[in-house]
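Chemist: Before I ask anything, here is the structure I am working with.
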Amino acid sequence: MSEQVCHFGFGVNADYVKYAGVLMTNLVLLHQGQTLCFHLACDGIDKADRDKLDELTERYHNARVFIYDAVKKLEQLNPIRQDAPERLKRSTLIRIVLPALVPQEVRRLVYMDVDMICLQPLNELFALEMNGKAVAAVESLQECKDQAALGLTQGRYFNAGLLVIEMHTWHRKKITQQVLAYYQKYGNRLPLLDQDALNAVINGEFVEIPKRFNRLIEANNPILVKKSADTAILHCVNEAKAWTKGCLPEIQELYWQYVRQSPWQDLQPSEPTTVKAAFFAATTAELSGDYREARRYYVLVINSFTEYYQNKTPELLQAARRECLAAAAAEQKGNNAAAVRYYGLAARRFTEQYLRDHPELVSR
């Protein structure tokens, strides 16, 4: 095994330090015998998490953790726009400033979003020929909402969840300064915030790496959890993460094996934060026979959509009400499986109508 020191970077707020720690554990266990340096830029960090990061390095002697305070740099930037999705927090901007925080002697840095699960060693990324480029990443043109608006003359766009950064070239080309200036000027019209800003500045001048290094999945959606045998990294996009309740069993099992081997063994699954995530949590619970949880999430979906469609679509509300009455009748008879099935029908009816009303969401 190569003794090359591998440098990984992360950017998080105080609530996400624990997820960075689990990913660090994941990487350490896949790179045993190698020294891994983790550069963690934080928008706040609790003492308890600092202590657990110390525990991580005591437990795994091949790990080194360096913590950087990104609060002041973030406060100098425009706030993210108010209509940005909940998952796009201020801390997403940290990956723009991270290379400026890491010591100059670091030659190559692999930045990773903390909603990733690593399946294979990543030595290949540290041996990658960069050909004078500052960044290597996985191309993902379907994420780009408007090439012309970003000025992408080469028609190439990358997902910024995993970035191989050649630090000397990044600094020489002043990428941080350029991206920050672009974000400050155009941030209010960038759907994907710093990812769009990075792409606008890089403008296709990146080394393309195989999709297996950044395989996009929805952790709670069986249709969008596809991976090949050589997949190196799973990236949980959109609302549901590997730590969210309702995650698919195969993703849950994979993720929580690293939680159990990390200093964050007391970590608990988080509640879904959107109606879509709650619906998938309900279907997952129903399939596993957890009717109590399935009922809870289906009812949450039904209540949310009932409020949304109030005075809009009476036929839809009437149909859903009939199914809820059937569910209540089944519950009175003690038939929980049938009750959940009826609640599921009502929730699915609402969800399908909502997707018909908002076709732009189907392709996301």
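The values are calculated or read from the model by the stated rules, or taken from the named source; none is laboratory data. If you're wondering where the values come from, they're calculated on a predicted model, not measured in any experiment. Note: ideal-geometry Cβ built from the backbone for every residue, glycine included; neighbour counts use all protein chains shown. Accessible surface areas use protein heavy atoms only, side chains included; no ligands, DNA or RNA. Shrake-Rupley method; radii C 1.70, N 1.55, O 1.52, S 1.80 Å.
Chemist: Pairs please, first residue from segment 109-134 and within 19 Å of Ala160 (Cα to Cα) and in contact (Cβ under 8 Å) with a residue 60 or more places away in the chain, second anywhere and surrounded by fewer than 16 Cβ atoms within 10 Å (Cβ to Cβ) and of a type outside the set (Ser, Thr, Tyr), Cβ atoms under 7 Å, 6+ apart in sequence or on different chains.
Modeler: Phe126/Gln4; Lys133/Glu205
Chemist: May I pose another question? Asp266: among the acidic types (Asp, Glu) and open to solvent by 10 Å² or more (accessible area, probe 1.4 Å), yes or no?
Modeler: yes
Chemist: All but one of (1) at pLDDT below 90; (2) more than 30 Å from Val28 (Cα to Cα); (3) crowded, with 21+ Cβ neighbours inside 10 Å hold for Ala282; state the number of the condition that does not hold.
Modeler: (1)
Chemist: Something else: Quick one: in segment 235-270, which of the residues that are in a loop (DSSP other than H, G, I, E, B) and of a type in the set (D, E, K, R) is nearest to Lys89 (Cα to Cα)? Spell out how you get there, then give the answer.
Modeler: From segment 235-270, those in a loop (DSSP other than H, G, I, E, B) are 237-243, 245-248, 261-269; that's our starting set.
Among the residues that remain, those that are also of a type in the set (D, E, K, R) are: 239, 241, 245, 266.
Values: Glu239: 12, Lys241: 15, Lys245: 20, Asp266: 25 Å.
This residue is Glu239.
Chemist: Tell me yes or no: at least one residue of segment 138-151 is open to solvent by 50 Å² or more (accessible area, probe 1.4 Å) and touching a helix residue (DSSP H, G or I) at 6+ places or on another chain (Cβ under 6 Å).
Modeler: no
Chemist: Out of all the residues in segment 233-246, is one or more free of Cβ contacts under 8 Å to residues at least 60 places away in the same chain, acidic (Asp, Glu) and buried (at least 19 other Cβ atoms within 10 Å of the Cβ)?
Modeler: Among the residues of segment 233-246, not one is free of Cβ contacts under 8 Å to residues at least 60 places away in the same chain, acidic (Asp, Glu) and buried (at least 19 other Cβ atoms within 10 Å of the Cβ), which makes the answer no.
Chemist: Here's something else I'd like to know. Taking Asn311, is it outside any helix (DSSP H, G or I) and either among the polar types (S, T, N, Q) or at pLDDT 95 or above (or both)? Reasoning before the result, please.
Modeler: Details: outside any helix (DSSP H, G or I): yes; either among the polar types (S, T, N, Q) or at pLDDT 95 or above (or both): yes.
Yes; evaluated as a whole, the condition is true for this residue.
Chemist: If you go through segment 209-222 one residue at a time, do you hit one that is in contact (Cβ under 8 Å) with a residue 12 or more places away in the chain, more than 18 Å from the chain's Cα centre (by Cα) and either surrounded by fewer than 22 Cβ atoms within 10 Å (Cβ to Cβ) or part of a loop (DSSP other than H, G, I, E, B) (or both)? Show your work before the answer.
Modeler: We begin by selecting, within segment 209-222, every residue in contact (Cβ under 8 Å) with a residue 12 or more places away in the chain; these are 209-222.
Filter once more, keeping what is more than 18 Å from the chain's Cα centre (by Cα): 209-210.
Remaining after also requiring either surrounded by fewer than 22 Cβ atoms within 10 Å (Cβ to Cβ) or part of a loop (DSSP other than H, G, I, E, B) (or both): 209-210.
Yes, segment 209-222 contains a residue that is in contact (Cβ under 8 Å) with a residue 12 or more places away in the chain, more than 18 Å from the chain's Cα centre (by Cα) and either surrounded by fewer than 22 Cβ atoms within 10 Å (Cβ to Cβ) or part of a loop (DSSP other than H, G, I, E, B) (or both).
Chemist: Look at Val164 and say whether it is under 18 Å from the mean Cα position of the chain (by Cα), under 28 Å from Leu30 (Cα atoms) and without any contact (Cβ under 8 Å) to a residue 60 or more places away in the chain.
Modeler: Yes.
Chemist: Continuing with this model, one more query. Can you pull out the residues in segment 332-348 that are part of a helix (DSSP H, G or I), free of Cβ contacts under 8 Å to residues at least 40 places away in the same chain and surrounded by fewer than 17 Cβ atoms within 10 Å (Cβ to Cβ)?
Modeler: Gln332, Ala338, listed by residue number.
Chemist: I'm checking my understanding of the structure. Among residues of segment 183-208 that are in contact with a Gly (Cβ under 8 Å, 6 or more places away or on another chain) and in a loop (DSSP other than H, G, I, E, B), which one is nearest to Gln76 (Cα to Cα)?
Modeler: Within segment 183-208, the subset in contact with a Gly (Cβ under 8 Å, 6 or more places away or on another chain) is 193, 197, 200, 203-204.
Then keep just the ones that are in a loop (DSSP other than H, G, I, E, B); that gives 203-204.
Values: Asn203: 25, Gly204: 28 Å.
Checking each candidate, the answer is Asn203.
Chemist: Assess whether Ala134 counts as being buried (at least 20 other Cβ atoms within 10 Å of the Cβ), small (Gly, Ala, Ser) and at pLDDT 90 or above.
Modeler: yes
Chemist: Here is a follow-up. Kindly provide the set of residues from segment 96-117 that are among the charged types (D, E, K, R) and part of a loop (DSSP other than H, G, I, E, B), ordered by number.
Modeler: Start the filter on segment 96-117 by keeping residues that are among the charged types (D, E, K, R), which leaves 105, 107-108, 113, 115.
Correct list: Glu105, Arg107, Asp113, Asp115.
Chemist: I'm checking my understanding of the structure. Among residues of segment 53-80 that are within 22 Å of the chain's Cα centre (by Cα), farther than 13 Å from Cys6 by Cα and open to solvent by less than 70 Å² (accessible area, probe 1.4 Å), which one is modelled with the lowest pLDDT?
Modeler: By that ranking, first place goes to Ile80.
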